[in-house]
Amino acid sequence: MRRRATDFRRPVRRKVPDALWWALCCAVILLFVYILSKGNKIESRPALSKRTYKHDKIMEGLNITEEMLNSNSVTRQLNDQISLAKAFVVIAKESNNLQFAWELSAQIHNSQRLLSNAATRRVPLTTRETEKAIRDMALLLYQAQQLHYDSATMIMRFKAKIQALEEQMNSVTEKSSKYGQIAAEEVPKSLYCLGVRLTTEWFRNFNLQKKSKDKRQMEMKLKDNNLYHFCVFSDNILATSVVVNSTAMNSKNPNMIVFHLVTDEINYAAMKAWFAVNDFHGVTVEVQKFEDFTWLNASYVPVLKQLQDSEIQSYYFSGNSDEGRTPIKFRNPKYLSMLNHLRFYIPEVFPALKKVVFLDDDVVVQKDLSDLFSIDLNGNVNGAVETCMETFHRYHKYLNYSHPLIHAHFDPDACGWAFGMNVFDLVEWRKKNVTGIYHYWQEKNVDRTLWKLGTLPPGLLTFYGLTQPLDPSWHVLGFGYTNVDPQLIERGAVLHFNGNSKPWLKIGIEKYKPLWEKYVEYSHPLLQQCNFH
């Protein structure tokens, strides 16, 4: 009995733990389900945040990135239509179809308004919103094609327009060149006034002429080779005065300076009067006119011989011989002026001198130039500053190398040099017959096939192999047409206003005018009377 009772009680004891076990399992399952549901809620928040962030990014980039890159975007379609319509507006205006151009412009404005509103509200455009605008624009674009505003026609029209604009630009450039050249060659009223008043004073005032005659007693000084001799060939009284005045003011010994001025008969009396009434710090000044040189005649001087030729006269003075193919600067009659070519006859002009410094009338001297006379030219005739720092200042720039004479005798890469401040050894000049060399090349260029203009090209030929390079600081160029390095200005001995923008003209470069004007005495009564300021 005990054993059976025992067997009976054991199952009863097992029922209680089993119930607890199932209860615990249910609790764990419920807890797991609860935790799992809470986890899903937690994870759902970052996902929502991610979607929101992506939506914001689309909103921020609306009509700029995703919308414009999407081939199905109505925004992109509207933009493409606007671009094409703008081109058609130009073509319609060119075709004088102003009504159609207005309709296109109005539709462009309507489409742009839709794009602007979408960008403002940060919501992409829908097909429904843009359907009417796209359809209306499409009808106008179709109409444009019917009016032959297609791509091929547009290209041809644009080409024609470009060609017309190029022709207009060339015409404007040519006119600008002509007017610039005319402005550069003009004689300002004030300068003309000065010449007239000085000429009147010269013939009215016999004391002035007597004073000039007294200076002729200094003839020995004019021939003294121990002095510093400078020469200027010019018809510009004021410009020549600045050259003399600036040289004198910056000289250590102005009483040792002799200026030999040569002008023409028209300006001779005025030039004589100006240098008679003004004192230039003790500088000796001689004034001559080239018409007094008996050796200067057509049988000796090629330029004078060319002036007698009807074809040459037509080329330089009528301007119609080649239907305007030659630029105006190549046809300037000043290139036939004897004052321009007299630099090739310096030994004949000053037979008693051994060395002379040649100065153009558009220079300003700001250093003492006495050291130029002690420079050793090493047997050369011409001392000059080279200008071949750039390739366009080499010989091939100035001369016609397709001509056999030029090609055979001259190196195309030889350095060019500048007229305007030159030291000439007249002893070597006479010995080497440099003027004869010049005559040879002038005769060869009677048909203008070796070079086109000016005195520099014949100078390059004449002094080829006879030029001694000088330190660049002696002669600084460019003040009449370009910007110059301030350090070069500071170091420069002679500043050259080469180019059209001369400092005495209204077209002069304003920032460089003071370099020249400080040697003009604007308080002078004659300058006041002629409105120099």
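The residues of the stretch 457-472 that are open to solvent by 40 Å² or more (accessible area, probe 1.4 Å) and either without any contact (Cβ under 8 Å) to a residue 24 or more places away in the chain or of a type in the set (A, V, I, L, M) (or both) amount to a single one, GLY465. Of all residues assigned to the stretch 133-147, at least one qualifies as being closer than 19 Å to SER73 by Cβ, surrounded by 11 or more Cβ atoms within 10 Å (Cβ to Cβ) and β-branched (Val, Ile, Thr).
Could you check the stretch 239-262 and list, in sequence order, the residues that are surrounded by 20 or more Cβ atoms within 10 Å (Cβ to Cβ) and either assigned to a helix (DSSP H, G or I) or outside the structural domain of GLU517 (by the TED database) (or both)?
The initial filter retains those residues of the stretch 239-262 that are surrounded by 20 or more Cβ atoms within 10 Å (Cβ to Cβ), namely 239-248, 251, 257-262.
Selection gives ALA239, THR240, SER241, VAL242, VAL243, VAL244, ASN245, SER246, THR247, ALA248.
Rundown of residues vs (1) modelled with pLDDT under 95; (2) under 30 Å from SER374 (Cα atoms), yes/no style:
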{"position": "LEU466", "(1), (2)": "no, yes"}
{"position": "HIS475", "(1), (2)": "no, yes"}
{"position": "SER501", "(1), (2)": "yes, no"}
{"position": "TRP504", "(1), (2)": "yes, no"}
{"position": "TYR512", "(1), (2)": "no, no"}
{"position": "GLN528", "(1), (2)": "yes, no"}
{"position": "PHE532", "(1), (2)": "yes, no"}
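Just one residue in the set PRO302, PRO347, PRO327 is of a type outside the set (Gly, Ala, Ser) and modelled with pLDDT of 90 or more; that residue is PRO347.
Checking each residue in the stretch 285-299 for being open to solvent by 40 Å² or more (accessible area, probe 1.4 Å) and without any contact (Cβ under 8 Å) to a residue 24 or more places away in the chain picks out ASP292, THR294, ASN297, SER299.
Scanning the stretch 363-389 for residues that are at pLDDT below 95 and open to solvent by less than 10 Å² (accessible area, probe 1.4 Å) yields a total of 0.
Taking first residues from the stretch 84-110 that are open to solvent by less than 40 Å² (accessible area, probe 1.4 Å) and partners that are of a type in the set (Ser, Thr, Tyr), the Cβ contacts under 6 Å between residues at least 6 apart in sequence or on separate chains come to PHE88/TYR149; VAL89/SER105; ILE91/TYR149.
Out of the residues in the stretch 402-439 that are aliphatic (A, V, I, L, M) and in contact with a Phe, Trp or Tyr (Cβ under 8 Å, 6 or more places away or on another chain), state the one that is nearest to TRP474 (Cα to Cα).
Result: MET421.
Consider TRP417 carefully, then state whether it is modelled with pLDDT of 90 or more and touching a Pro at 6+ places or on another chain (Cβ under 7 Å). The answer is no for TRP417. For THR294, the criteria (1) part of a helix (DSSP H, G or I); (2) more than 40 Å from the chain's Cα centre (by Cα); (3) among the polar types (S, T, N, Q) hold in every case but one, which is (1). Residues satisfying the criterion are present in the stretch 213-229 (criterion: closer than 24 Å to VAL363 by Cβ, at pLDDT below 95 and open to solvent by less than 50 Å² (accessible area, probe 1.4 Å)).
Taking (1) in contact (Cβ under 8 Å) with a residue 60 or more places away in the chain; (2) crowded, with 18+ Cβ neighbours inside 10 Å; (3) part of a helix (DSSP H, G or I) in turn, ILE406 satisfies each apart from (1). Taken together, the criteria place LYS502 among residues that are charged (D, E, K, R), open to solvent by 10 Å² or more (accessible area, probe 1.4 Å) and within 30 Å of LEU307 (Cβ to Cβ).
The values are calculated or read from the model by the stated rules, or taken from the named source; none is laboratory data. In this text, all values refer to a predicted model and were calculated from it rather than measured experimentally. All Cβ positions, glycine included, derive from the backbone under ideal geometry; neighbour counts span all protein chains shown. Calculation scope for accessible area: heavy atoms of the full protein, side chains included, ligands and nucleic acids excluded. Shrake-Rupley method; radii C 1.70, N 1.55, O 1.52, S 1.80 Å.
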